[in-house]
Amino acid sequence: MRKQIIKVLIGVKNLLRDKFDQYNLNLPFLITIFVALLIVVGGVNLFVDLTATLHTEALSKYDSKITQYIISFRTPTLNKIFQFITNVGDLYGYLVIAALSTVLFYWKFRNWRFVLEMIFVLVVSGLSNVALKQVINRARPDAEHLVSVATLSYPSGHAMSAMAFYGFLIFLFYNFKLNRWLKTLVITTLVLLILAIGISRIYLGVHYPSDIAGGYIAGFIWVIFCVVLFHVIDLLRKRRKRKKEIEQVE
């Protein structure tokens, strides 16, 4: 879904550029930002609606049935696998992936911009998750926990950070000029990783399915918001550079 939305945004931008560039060079970009902000607003409304149903009987049944189904597959081997997967969505996992991404970005682009953007997305999603958990104050599930947890339940920090961090990496790799098969492999791996991290939290008994859904929604909102923010900053930087070049010529 995220990939389709990115395609739609790029398609809208290109279409508007072809149609209106002769009138206003910035119009396609501004309308694309407007569409992206509409998606953010829609995501916020969806998150608010889900949050409002947390204590309803219908959602409780939904959470219970899915949780029981997933934990019914527990085995010693799967326990270790999902514990490893959940660690990839934890602090040390992000540090490793961020370090590898930093080496790749600097080696290929000789630019710290993508590294700073990646770190910013991870930090703001983590801080906002802490704030949301304190405000919503939902307790953890009663199921047996296969890993230790010390914070509240909703929205899932692992799901939210995975969607924000790995989702932003998907956006970057989608726009990088790379081998088509390599790009497809990386994006597919990241999508599966996001899904696996969310499932692992349910399997390990530390989150309700609705916690995961809320985390995914909130993380996706941050991806779209940060992409728009970074594009605006980049546009302002290019304008400033162009203005200086014009002043030097004059």
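The values are calculated or read from the model by the stated rules, or taken from the named source; none is laboratory data. Everything numeric here is computed off the predicted structure, so don't read it as measured data. Using ideal geometry, Cβ is built from the backbone for each residue, glycine included, and neighbour counts are taken over all protein chains shown. Heavy atoms of the whole protein, side chains included, go into the accessibility calculation; ligands, DNA and RNA do not. Shrake-Rupley method; radii C 1.70, N 1.55, O 1.52, S 1.80 Å.
Do we have any residue at all in the stretch 73-85 that's touching a Leu at 6+ places or on another chain (Cβ under 7 Å) and within 19 Å of PHE165 (Cα to Cα)?
Scanning the stretch 73-85 turns up no residue that is touching a Leu at 6+ places or on another chain (Cβ under 7 Å) and within 19 Å of PHE165 (Cα to Cα).
Looking at the structure I just gave you, is LEU78 assigned to a loop (DSSP other than H, G, I, E, B), among the hydrophobic types (A, V, I, L, M, F, W, C) and either at pLDDT 90 or above or in contact with a helix residue (DSSP H, G or I) (Cβ under 6 Å, 6 or more places away or on another chain) (or both)?
In short, no.
Go through the stretch 77-126 and give me each residue that's more than 24 Å from VAL227 (Cβ to Cβ), polar (S, T, N, Q) and surrounded by 15 or more Cβ atoms within 10 Å (Cβ to Cβ).
THR86, ASN87
Which one of VAL223, VAL206, VAL191 is open to solvent by 20 Å² or more (accessible area, probe 1.4 Å) and either on the phi < 0 side of the Ramachandran plot or aliphatic (A, V, I, L, M) (or both)?
Criteria check complete, one pass: VAL191.
Go through the stretch 50-76 and give me each residue that's surrounded by 10 or more Cβ atoms within 10 Å (Cβ to Cβ) and among the β-branched types (Val, Ile, Thr).
Passing the criteria: THR51, THR53, THR56, ILE66, THR67, ILE70, ILE71.
Looking at ASP90, ASP63, can you tell me which residue is touching a residue at least 12 places away in the same chain (Cβ under 8 Å) and touching a His at 6+ places or on another chain (Cβ under 9 Å)?
Answer to the check: ASP90.
Hey, does the stretch 162-178 have a residue that's open to solvent by 70 Å² or more (accessible area, probe 1.4 Å), over 24 Å from THR67 (Cβ atoms) and either among the acidic types (Asp, Glu) or without any contact (Cβ under 8 Å) to a residue 40 or more places away in the chain (or both)?
There is at least one residue in the stretch 162-178 that is open to solvent by 70 Å² or more (accessible area, probe 1.4 Å), over 24 Å from THR67 (Cβ atoms) and either among the acidic types (Asp, Glu) or without any contact (Cβ under 8 Å) to a residue 40 or more places away in the chain (or both).
If you scan the stretch 169-190, which residues turn out to be in contact with a Phe, Trp or Tyr (Cβ under 8 Å, 6 or more places away or on another chain) and either more than 23 Å from PRO209 (Cα to Cα) or small (Gly, Ala, Ser) (or both)?
Scanning the stretch 169-190 gives LEU172, LYS183, VAL186, ILE187.
Given (1) open to solvent by 10 Å² or more (accessible area, probe 1.4 Å); (2) assigned to a helix (DSSP H, G or I), where does ARG138 come up short, assuming only one miss?
So the condition that ARG138 fails would be (2).
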